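Inspection log for the structure reproduced underneath, given as structure tokens.
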Amino acid sequence: MDIDAGKLNKRIQIVRVEQIRDSDGYYTGKETVIREPWAQFSQTSGTELIRAGAELGEVKVRFLIRWSQTEISRKDLVRYAGPDYQIEYINAYGDSREFVELWCSRVTTGG
């Protein structure tokens, strides 16, 4: 599988959110950027739904990035051009361990 490195032209952030206890004993989310790779971005689908009287849109996207030893999990988020995307599936692209696909979704409200 040949990849044109020139198509990895979108900068993304892989963000890990950890629950930590603050000085008052409450849990709060602490964001840490664990990687900032270049990626190829593809929008794979989009749907509009009506649930409980609210308009929702669901966007499915794919990010292709170079493989790294930094482990990525489905609990992490992908931040690209503002919004966050929930990682649904992580796939080793081919058998060479050079690239990783991140299949993600983003739910939007308000039509």
- Note on the structure: With 0.36 nm assigned to each residue of separation and the Cα-Cα distance removed, R79 to E36 gains 14.5 nm
- Residue-wise HN-Hα coupling along the range 68-85, computed from phi with Karplus coefficients 6.51, -1.76, 1.60 (Hz; x: Gly, Pro): 9, 6, 5, 6, 10, 10, 5, 7, 7, 10, 10, 10, 9, 6, x, x, 9, 10
- Can you pull the accessible area of L77 for me, 1.4 Å probe, Å² to the nearest 10? 30
- Task: Enumerate the calculated ³J(HN,Hα) couplings along the range 62-67 in order (Karplus 6.51 cos²θ - 1.76 cosθ + 1.60, θ = phi - 60°), each rounded to whole Hz, writing x wherever the residue is Gly or Pro.
- Result: 10, 10, 10, 10, 6, 5
- Query: Ordering I3, I65 by how much accessible area each has at a 1.4 Å probe, largest first, what is the list?
  - Reply: I3, I65
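The values are calculated or read from the model by the stated rules, or taken from the named source; none is laboratory data. Everything quoted here is computed from the prediction, not taken from an experiment. Heavy atoms of the whole protein, side chains included, go into the accessibility calculation; ligands, DNA and RNA do not. Shrake-Rupley method; radii C 1.70, N 1.55, O 1.52, S 1.80 Å.
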